[in-house]
Each structure stands twice: as structure tokens, then as C-alpha cells.
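The numbers here are math on the coordinates, done by the rules we state, and not lab data. Quick caveat, the model's predicted, so the values are computed rather than measured. Glycine also receives a Cβ, built like all others from the backbone with ideal geometry; neighbour counts cover every protein chain displayed.
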Amino acid sequence: MKKLLIPLALFLMLAAFLYVGLSRDPREVPSPLIGRQAPAFSASVLADPARRLGRDDLVGKVWVLNVWASWCGACRDEHPLLMAWSREQRVTLIGLDYKDQRAAGQAWLADGGNPYADSLFDPDGRIGLDWGVYGVPETFVIDKTGIVRFKHIGALTPAVLRERIEPLLRQLNG
Amino acid sequence: MAEIQASKTQHSARLQHTHTRRTLPGRTTAALLCALLLSTAAWCRDAAPAADDPALEARMRALASELRCVVCQNQTVADSHAALAADMRQQIRQQLAAGQSEDQVRAFMTARYGDFVLYRPPFNDRTALLWLAPGALMLGSLAGLWGLMRRRSRLADAAFEPDSDLALEPEDGPNPDSARASSAIRPL
């Protein structure tokens, strides 16, 4: 009986490791930014090269940073959801036009609608690098004191918005 | 494709009139080879050394080869053709050129992408199991093996399979095969 228990225990251990290991998404790299001050930036605004927007301009309000680009396919899938969400006016939504051309980015917003209060223009991806961006689209939630509270990698879904982001926004605004 | 098609038809046309068999296939092959070489050159442009300073480039390569590309996760930043890896190499180059140390650049990358970018993760409470498990497994197996050997060394001779030259005598005792099979189970 004891002879049987040892292989069984080994098998169960292996199964448990595989169960946990295989159910994780290796594409989701945990961000070291969560719980830390948002990286500083000062970028020209997509719509107007002469106007600049920096991190410190946004201190005092809860805001959401959505990284997008005109060349990004998944951003196109996410876009209608962001449009609908921005109409509910729950939060200041800032875009980051990542490694894009200004004309292409502007045309994309003119075409599909602009859900963003403003979009930062990041042609060489330097701001994106500071934010640890590696797969567009990505979405961050930043609290009133400028601390990053949440990050989502990939296109937003209604479930992520309703179950993760909105409760967090209520808590941060409350 | 159109080019190949054109040269093929040209080729067969020539074959009917003259007998210059070898020139055209040769030319087509050469053209294909050129196209291949050119296209590889185009792919490789990202990874080609861009700095004028070979020593700096070597330091950048060494550092980049121990960083993981977060886009194509099983490649190093040095090997990857992803645009992000190119950005990261450029960043490493700039920072090393500005006089930053390797450790400072590593800290810069981990502050943005986490310990995940390091192929050699640091030892901390989250990675303790990762670092210690192989040694613990090794020690555990050795202890198990030692215990088993001690237990077996104290068993009586009767618990073991007889030596084969004794067991092979057919008249006394049972069939050596069945004896081996039963004694193989007993000592465990």
C-alpha cells in the first residue's frame, strides 16, 4: 500500500504544478510599476504639436492611460468599447500613440472617433519603454497621487472594464 | 515570380532556336540567389552593429544577451528582431555610452519590465524556491538512496537473488527466472 502511495503522491504533485503552470498566461509579464509612482513624461499632444502634456499636469485626478497605435490591429477591436466607455465619462482617459506617425494617428482618430481627452505622441517609443510597454494595446490606471494601480495587457474587454477597472475607479475616487 | 516566369518562357524559347542550355538557368539561379541574399540582408538590418565603437558594441551585446525580449519571450534582446528589442538595444547602447555601468542598465530594465527580463534572476523571497529546489531535490534523493542502501545492507542473504552461477544449476531449486522475479520484489 505504501509502495503505491509514493508514485501517486509524485503524480499528484506533478499534476498540481502543471495545472497551475499551464493555466497561467506567459504573455502577461507582471509589471513592476504597480504600486509605484508613474514614470515621468512630458510629450507633445497628438492633435497639436505645440501643446505639451506631462505627468504632473494629471496629479490630483484619477486617470487611465491607454496605449494605442494606428498600426495596431487589436486596438481596432478595442476601439468601439473605449468609445462607448468614454461617453459614460467615468474617468479622464489619456491615450499614448505609441511608435506611430502623427498624421496616421490623427487620421485614425478622425476615422474611428476619439475617446481620449488627449493623446500623447510617442514616435520613438521612449515613453512606452519607461512604462514597460511591450504589447499594444495596454491600459494603466493611475490614482490621484500619481501611483500606478492597475495594468491590463492586450485589448480591453467589457468584463475587464466592469469587473476590474470600474470597481477600482470607484474605490480610488471614493 | 513574374520575373522567374518570364525568364522561364524566354529560356524555353531559346532552347527551341539555339542550344545555349547553360547560360539562362545559370542566370536565373544567380538572380534568385541575389534576391535571397538581399532579402536576408534586409531582415538582418536590425541586429547589425550600429555603433562605431566596437568595444561599446561588444558590451551592449554581452548585456543584451542576458536580457529576455518580452515580446518573443524565448529569445534574448541580442537575438530578437522584434522592434522592442531593437529599442532596448539602442537604449543599452546610449546608456553605456553615457557612462552608465552594466548594473545600472540592468536596474533600468528591471524597473520597467521586472525581474522577468533577466535570464539570470536575482535571489529573493519570490525566487528562493527556484534557486533552492534543484539542490534540495538532489539532497533529498541522495538521502533517500543512502537510506535504501543502509536498509538493504542489513537484510539477510536469503532476501537477495542468488548469484547467477549458483542459480543456473537446473536440478536443485526452482526455475531461475521465477526465483529472480520473486526475489526482485521482496527486498524493496
(request) Could you calculate the contour length gain from A:R52 to A:F17, that is, 0.36 nm times the residue separation minus the distance between their Cα atoms, to one decimal place in nm? (result) 7.7 nm
(request) Mind checking the full-extension length gain between A:A159 and A:E88? Use 0.36 nm per residue of separation minus the Cα-Cα distance, one decimal, nm. (result) 24.0 nm
(request) Consider just the alpha-carbon atoms of chain A and return their Rg together with their Dmax, both in angstrom. (result) 20.0, 79
(request) Give a residue-ordered list of calculated ³J(HN,Hα) values for the range A:22-36 (Karplus: 6.51 cos²θ - 1.76 cosθ + 1.60, θ = phi - 60°; whole Hz; x for Gly, Pro). (result) 7, 8, 8, 9, x, 6, 8, 7, x, 7, x, 7, 4, x, 10
(request) May I ask you to evaluate 6.51 cos²θ - 1.76 cosθ + 1.60, the Karplus curve with θ = phi - 60°, for each residue of the range A:58-67 and list the ³J(HN,Hα) values in order in whole Hz, giving x for glycine and proline? (result) 9, 5, x, 10, 6, 9, 10, 9, 10, 8
(request) Towards the positive end of the charge dipole of the range A:46-174, with charges on Cβ (+1 Lys, Arg; -1 Asp, Glu), say which of A:L46, A:G135, A:G60 has the farthest Cα. (result) A:G60
(request) Return the calculated 222 nm mean residue ellipticity for chain A, to the nearest 500 deg cm²/dmol, obtained by summing -39500 (n - 2.57) across DSSP H runs with n ≥ 4 and dividing by the residue count. (result) -10500 deg cm²/dmol
(message) Between B:L137 and A:I34, what is the label-point separation in nm under the 7 Å Cα-to-beta-carbon projection?
(response) 2.8 nm
(message) Amide H of A:F41 versus every other amide H placed in the peptide plane: which residues, excluding those fewer than 5 positions away on the same chain, fall under 5 Å?
(response) A:R55, A:D56
(request) In nm, give the distance between the simple-model label positions of A:K2 and B:A62, each being 7 Å from the Cα along the Cα-to-Cβ direction. (result) 5.5 nm
(request) Convert each backbone phi in the range A:80-94 into a coupling constant with the Karplus relation 6.51 cos²θ - 1.76 cosθ + 1.60 (shift: θ = phi - 60°), then list the ³J(HN,Hα) values in order as whole Hz, x for Gly and Pro. (result) x, 5, 5, 4, 5, 5, 5, 5, 6, 6, 8, 7, 6, 9, 10
(request) Name the residues whose placed amide hydrogens come within less than 5 Å of the amide hydrogen of A:L96, ignoring near sequence neighbours (fewer than 5 apart) on the same chain. (result) A:N66, A:V67, A:W68, A:L120
(request) Quick one: which residues, 5+ away or cross-chain, put their amide H under 5 Å from the amide H of B:C69? H built at 1.01 Å from N. (result) B:Q75, B:T76, B:V77
(request) May I ask which residue of A:A9, A:H79, A:S31 lies farthest towards the positive end of the charge dipole of the range A:1-93, with charges of +1 (Lys, Arg) and -1 (Asp, Glu) on Cβ and the Cα centre as origin? (result) A:A9
(message) Taking beta carbons within 10 Å but only from partner chains, what does the mean come to for residues B:112-119?
(response) 5
(request) From the C-alpha gyration tensor of the range A:1-103, pull out the three semi-axes of the equivalent ellipsoid (sqrt of 5λ each), sorted largest to smallest, in whole Å. (result) 46, 17, 14
(request) Any chance you could run the full-extension gain for A:V59 through A:K144? It's 0.36 nm times the residue separation minus the Cα-Cα distance, nm to one decimal. (result) 30.0 nm
(message) Starting from the 7 Å offset along Cα-to-Cβ, what nm value, one decimal, do you get for the label separation of B:L129 and A:S42?
(response) 4.6 nm
